[in-house]
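Q: I'd like to ask some things about the structure below.
Every read-out reported here was derived from the displayed coordinates using simple, explicitly stated rules and does not represent laboratory data. What you see is a predicted model, and the numbers here were worked out from it, not measured in a lab. Every residue, glycine among them, receives a Cβ derived from its backbone with ideal geometry; neighbour counts consider all protein chains shown.
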Amino acid sequence: MKKSTQSFIAIAVLALASAGFAFAADKAESKPGKCCVAAAKDGKSCAHACCVAANKEGNNCTKCGGAGKLATKAEAKK
């Protein structure tokens with residue numbers, strides 16, 4: 001009885017963990033850094049060296065608080 005209970009708990013934990021990973025992978029959020037948002041409000045692009053390097057690679061600068069890939073104009077309209 002004890003082994004079947006432990007097995008059931010182990011299977012339940014693995015199922016919940018795998019479901020969590022599956023849903024977490026779907027969330028790909030593009031978030032620009034605070035300095036880039038402030039520069040965009042003024043109609044400019046951010047001049048920080050780290051932001052310029054990240055933009056060349058197609059990413060937001062993680063050092064300045066950004067995350068993910070750069071949002072294209074088609075994605076921004078959605």
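Q: Give the average over all directions of the projected area of the C-alpha convex hull of the chain, one decimal, in nm².
A: Quarter of the Cα hull surface area: 7.6 nm².
Q: GNM on the chain, C-alpha springs below 10 Å: top fluctuator among ALA54, ALA22, ALA12?
A: ALA12
Q: Ordered by residue, what ³J(HN,Hα) values in Hz, to whole numbers, does the stretch 6-14 give under the Karplus form 6.51 cos²θ - 1.76 cosθ + 1.60, where θ = phi - 60° and Gly and Pro are x?
A: 5, 5, 4, 5, 5, 5, 5, 5, 5
Q: Can you tell me the dipole magnitude for the chain around its Cα centre, using point charges on the Cβ only (Lys, Arg +1; Asp, Glu -1), in Debye to the nearest 20?
A: Computed about the Cα centre, the dipole is about 80 debye.
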